[in-house]
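Just below is one structure, and these are the notes that go with it.
Please treat every number below as a calculation from the coordinates, not as lab data. Every value quoted in this text rests on a predicted model; they were computed, and no experiment measured them. All Cβ positions, glycine included, derive from the backbone under ideal geometry; neighbour counts span all protein chains shown.
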């Protein structure tokens, strides 16, 4: 079964194309270092909830949308190995200046997940 890193981030709607550029570059770096799959998905049918929802999870503002993303690995050990390579890759470091990012990284959340069901 696979291991998945997932994250959710609020992105200003007028920064989607800039975000796509950065995500495309980052995804290529993750894949180059061994990730099995890299996906970044922009909200299409994501409504605010009464108790909880994707918009509430990131304190979404009116001019923003939600991006849900995940990276697939063989195992947690494989994830740790790949992420160590990615985090030491200067190409990624060059893109990750938080002051110039097209989103508010302080409202991003993420985590690693073991597969429970894989059909």
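Things worth noting here:
- Rg ratio for the stretch 1-68: its Cα radius of gyration over 2.2 N^0.38 Å, N being its residue count, equals 1.24.
- Taken as Cα centroids, the stretch 55-91 and the stretch 1-31 sit 7 Å apart, rounded to the nearest whole angstrom.
- Using a Gaussian network model of the chain in which every pair of alpha carbons under 10 angstrom is joined by a spring, one finds that among 49, 27, 105 the greatest mean-square fluctuation is at 49.
- Fewest-first ranking of 85, 106, using other Cβ atoms within 10 Å as the exposure measure: 106, 85
- Among 11, 42, 51: highest mean-square fluctuation, GNM of the chain, C-alpha pairs under 10 Å: 51
- Ranked list, fewest to most other Cβ atoms within 10 Å of each Cβ, for 79, 91: 91, 79
- Placing a pseudo-label 7 Å from each Cα along the Cα-to-Cβ vector at residue 7 and residue 32 gives an inter-label distance of 1.8 nm.
- Measuring spread by the Cα atoms of the chain yields a radius of gyration and Dmax of 14.8, 43 Å.
- Residues of the stretch 50-86 with amide N under 11 Å of the 7 Å Cα→Cβ point at residue 110: 69-71, 83-84, 86
- Contour excess over end-to-end distance, with Cα ends at residue 21 and residue 53 and 0.36 nm allotted per residue: 8.9 nm
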